[in-house]
Amino acid sequence: MNLGAFSCVILFSLRTGSDRILDYSGLYQKDPLITLGLSLCLLSLGGLPPMLGFFGKIYLFFAGWANHQYLLVIVGLVTSVISIYYYISVIKMMVVKEPQEASEIVKSYPEINWGIVGLPPLRIALYTCVAVTALGGILSNPLFKLANTAVSETPFLQDIIATANSIS
């Protein structure tokens, strides 16, 4: 999610020379790929379903709750809600309806040219991150089962469990 968001920010910065959030206003009219990629990554970072970030936060909060870390879970939930507000405000800014509401940077947005040195790897990173973030949420159950199986079957963990059971 972070890599996808940063690749969108880097692509925008390389094309416009600007890194100000206000300059993203109206971006969907000129570059829908960056707008979609950044929107999906920000929604996932905020923890909105069905993105992968939602399931990651759910598992993290459940683990904290099971470990009696109630204050940390509450702080995590509150900060997640606050972050969603800021992420959605950036998305809303990129998707303004009227062309005259677009920033001057977006109005003079250069033609999209993926042949420039360094841009093809960023494009691949963007596609990969957006696909993993979006599809990872949909396919999260098989992914988490695979991760759980991989961790639970490690010899190191098996030795620790056997030692703990023999002590009890």
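Worth a mention:
- Scanning the range 1-42 for residues being among the acidic types (Asp, Glu) and either assigned to a helix (DSSP H, G or I) or modelled with pLDDT under 90 (or both) gives a total of 2.
- Any chance Ser152 is modelled with pLDDT under 85 and in contact with a Leu (Cβ under 8 Å, 6 or more places away or on another chain): no
- Helices (runs of 4 or more DSSP H) fully within the range 113-168 counting 2 or more residues that are exposed (fewer than 10 other Cβ atoms within 10 Å of the Cβ): 140-152, 155-167
To keep it simple, each residue is scored yes or no on (1) among the aliphatic types (A, V, I, L, M); (2) part of a helix (DSSP H, G or I).
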site	(1), (2)
Ser44	no, yes
Gly53	no, yes
His68	no, no
Val75	yes, yes
Val78	yes, yes
Ser83	no, yes
Tyr86	no, yes
Lys92	no, yes
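- Only a single item in (1) over 22 Å from Ile10 (Cβ atoms); (2) at pLDDT below 95; (3) of a type in the set (Ser, Thr, Tyr) is not met by Ser108, and it is number (1).
- Matching residues, the range 62-75, being within 21 Å of the chain's Cα centre (by Cα), closer than 25 Å to Asn141 by Cα and modelled with pLDDT of 95 or more: Val73
- Given (1) in contact (Cβ under 8 Å) with a residue 12 or more places away in the chain; (2) over 30 Å from Leu139 (Cβ atoms); (3) part of a helix (DSSP H, G or I); (4) not aliphatic (A, V, I, L, M), index of the condition Pro110 fails: (3)
- Filtered residue count, the range 46-67, keeping only those that are surrounded by 23 or more Cβ atoms within 10 Å (Cβ to Cβ) and in contact with a Phe, Trp or Tyr (Cβ under 8 Å, 6 or more places away or on another chain): 1
- Unmet criterion (only one of (1) under 17 Å from Gly4 (Cα atoms); (2) part of a helix (DSSP H, G or I); (3) without any contact (Cβ under 8 Å) to a residue 40 or more places away in the chain) for Leu48: (2)
The values are calculated or read from the model by the stated rules, or taken from the named source; none is laboratory data. Since the model is a prediction, treat every value here as computed from it, not as a measurement. Don't worry about glycine lacking a Cβ; one is built from the backbone with ideal geometry, like all the others, and counts go over all protein chains shown.
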